[in-house]
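Here's the structure we're looking at; comments come further down.
The values are calculated or read from the model by the stated rules, or taken from the named source; none is laboratory data. Since the structure is predicted, the reported quantities are computational estimates derived from the model, not experimental observations. Methodologically, a virtual Cβ is constructed for each residue, glycine included, from the backbone with ideal geometry; neighbour enumeration extends over all protein chains shown. Quick note on the areas: whole protein, heavy atoms, side chains included, nothing else; ligands and nucleic acids left out. Shrake-Rupley method; radii C 1.70, N 1.55, O 1.52, S 1.80 Å.
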Amino acid sequence: MTQPTLPAKLPWSEWLPQQRWYAGRNRELSAAEAGVVVPLRDDLDLVLVDADYTNGSSERYQVIIGWDSAPVSEYSTVATIGAADDRTGFDALYDASAPQFLLSLINSSAVRNSPGTEVAFVKEPSVELPLQAYPHVSDAEQSNTSVIFDRQAIFKVFRRVSNGINPDIELNRVLGRAGNPHVARLLGSYEIADSDPDKACPLGMLTEYEANAAEGWAMATASVRDLFAEGDLYAYEVGGDFAGESYRLGEAVASVHATLAEEMGTAQTSFPVDNVLARLSSTVALVPELEEYAATVEERFQKLEGESITVQRVHGDLHLGQVLRTPESWILIDFEGEPGQPVDERRAPDSPLRDIAGVLRSFEYAAYGPLVDQADDKQLAARAKEWVERNRTAFCDGYAAASGSNPRDSALLLAAYELDKAVYEAGYEARHRPGWLPIPLRSIARLTAA
């Protein structure tokens, strides 16, 4: 086996910041060292690299190192880590033989060990893996690396890793084993194992690849473009009308919620007034444009003090970019929860209205996004408003038909979840896309005036 001392000699501090999944670009890296090394075979190591920053923060990254066997030339720059003694280390995901070998480890539910560390590969029951399929790295991922096996399976390798149960693996496993048709079925996963699940470290997951799928966001924005191109027509008169798809998406979300409730249970609690007020307060401090609405939003939230809500496991960050339309149905993806939140918060039960509000907010982004530079076009603004209302109605109708529970019957709670989401969006846009800030502000104005 490869000597575990070799990865420690690689130039991690030079290589890590060049990777697109590196999360420390706004901080100064003080040190990067191989903290855990697990040999997988003679020329392949699984390495966890500890990155420390001058501000006191730290992160742990996963790299699969192939020794001496270089990837194809087009990936040589991104994949070449550097030399250690007389050997050269490469990011092995760019070499077809390494992902195929990882797939074989999952297929056999293999275990690999190094002193103090056990990596367990787990295959899901009653599934077949495409062991002969040719792999290639996807260009789409930013925070992780995904390897696609001949449009049959997609292998997501987590780059920034941490201890605890990964909600994406957890919920996909529950939904897949229950046979829910609105998720890409989990085929396998791997992790640094521990008898305490909260101390285990999830490393990656393998799911079915949804071939011929279209992203919900792309479909919705194409519908809006069709509408704007025919400025004198109503949304239902345009060939790209999206309302039928919104209805079916509502049915799919209701189905996923029903399965999660049945398999993982529900509970009663109070509306999280303290949490939404804390988000409001911190965001108003950053976004002066929110100040004129703050008192009304706060009043809306406080009126729900003690309001009983049913909570369960939900998606947690649902929007049109997190759904795919296959030839058969809508598929929900990326069950990791709200970005930037701790794992325990992302795994906490929440109201299904959280997911519903996320989709409703996404309709507004799809409709008003093209107008950020055309704010004075009243005709297009009227068409955008009509498109939003039509698709909100269709989505809620589909959800109600599939679940027997109409989200609009909980109008005050649904509006509160929409307000909370819009406040979050206002903070995000103020920091990253100031030109888009009018979108959440418009919604906050509408919701507080209702």
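Among VAL256, VAL372, VAL314, the largest mean-square fluctuation in a Gaussian network model of the chain (Cα springs under 10 Å) belongs to VAL372.
Label positions at GLU291 and SER270, each projected 7 Å from the Cα along the C-beta direction, are separated by 3.1 nm.
Rolling a 1.4 angstrom probe over region 343-429 with all protein chains present gives an accessible area of which 48% lies on carbon and sulfur atoms. Net charge dipole, region 170-319: roughly 480 debye, given to the nearest 20, about the Cα centre with Cβ charges of +1 for Lys and Arg and -1 for Asp and Glu.
Taking only the C-alpha atoms of the chain, the Rg (one decimal) and the largest Cα-Cα distance, Dmax (whole number), read 23.6, 70 Å. Summarised as an ellipsoid, region 243-308 has semi-axes of 31, 19, 11 Å, derived from the eigenvalues of the Cα gyration tensor scaled by 5 and square-rooted, with the largest first. The Cα-based radius of gyration of region 298-408, divided by its Kirkwood radius, gives an Rg/Rh of 1.01. How big is D for region 115-224, in µm² s⁻¹ as a whole number, if Stokes-Einstein is applied with the Kirkwood radius of its Cα pairs at 25 °C and 0.890 mPa s? Value of D from the Cα-based Kirkwood radius: 160 µm²/s. The Rg/Rh ratio of region 117-181, with Rg taken over Cα atoms and Rh as the Kirkwood radius over Cα pairs, comes to 0.97.
One quarter of the surface of the convex hull around the alpha-carbon atoms of region 1-81 equals 5.3 nm², the direction-averaged projected area.
Using the Cβ-Cβ distance between VAL78 and SER195 with R0 set to 56 Å, the FRET efficiency from 1/(1 + (r/R0)^6) comes to roughly 0.90. Apolar share of the accessible surface for region 159-255: 43 percent from carbon plus sulfur atoms, 1.4 Å probe. When the label point is put 7 Å from the Cα of ALA110 along its Cα-to-beta-carbon vector, which residues of region 186-208 have a backbone N closer than 18 Å? Taking a point 7 Å out along Cα→Cβ of ALA110, the residues of region 186-208 whose backbone N falls under 18 Å are 188-193, 203-206. A Gaussian network model of the chain, with springs between Cα atoms under 10 Å, assigns the largest mean-square fluctuation among LEU277, LEU171, LEU318 to LEU277. Which lysines have a Cα less than 20 Å from the Cα of LYS385, not counting those fewer than 8 places away in the same chain? Cross-link targets: LYS421. In this simple spin-label model, placing a label point 7 Å from the Cα along the Cα-to-Cβ direction at both GLU262 and SER282 gives a separation of 3.7 nm.
For region 115-160, GluC sites (Glu not before Pro) are listed when DSSP marks them as loop and at most 14 other Cβ atoms sit within 10 Å of their Cβ; the list is GLU128.
Across region 234-389, Cα-Cα pairs more than 29 Å apart make up 30 percent of the total.
Relative to one another, the C-alpha centroids of region 30-77 and region 386-440 are positioned 41 Å apart. Taking max minus min of the alpha-carbon positions on each principal axis, region 204-324 gives extents of 45, 43, 30 Å, largest first. Heavy atoms of the protein chains alone define the surface here; on that basis the chain has 44 Å² accessible area per residue at 1.4 Å probe size. For TYR209, the accessible surface of its heavy atoms amounts to roughly 70 Å² (probe 1.4 Å, protein chains only, rounded to the nearest 10).
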